[in-house]
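Novice: Below you will find the structure I want to go over with you.
The values are calculated or read from the model by the stated rules, or taken from the named source; none is laboratory data. These numbers come from a predicted model, not from an experiment. Please note: Cβ atoms are built from the backbone with ideal geometry, for glycine as well, and neighbour counts cover all protein chains shown. Each accessible area value is taken on the protein alone, full model and side chains, heavy atoms only, with ligands, DNA and RNA left out. Shrake-Rupley method; radii C 1.70, N 1.55, O 1.52, S 1.80 Å.
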Amino acid sequence: MIITYHGKRRAVLTRWQEVDTNRHRDHTNPAFGLWADKTDSVDNEIRQLRQRRDLP
């Protein structure tokens with residue numbers, strides 16, 4: 001299916017393809033385990049990062 005906007009082609013919808021989850025088990029992505037040493041929940045860590053910081 002082709003999606004158009006003002007007569008111009010903008011997107012193509014195709015069938016969903018299942019992802020082979022075993023392919024990602026080697027954990028070669030450098031971001032894997034980024035939060036492994038954190039003891040707080042990810043939500044709390046993000047809230048702390050988003051808090052306002054005063055400039056020096």
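Novice: Checking the condition open to solvent by less than 100 Å² (accessible area, probe 1.4 Å), at pLDDT 85 or above and within 19 Å of the chain's Cα centre (by Cα), which residue from Ile2, Ile46 passes?
Specialist: Numbers: Ile2 fails: within 19 Å of the chain's Cα centre (by Cα).
None of the others qualify; the one that does is Ile46.
Novice: Does at least one position in the range 8-19 carry a residue that is modelled with pLDDT under 85 and surrounded by 10 or more Cβ atoms within 10 Å (Cβ to Cβ)?
Specialist: no
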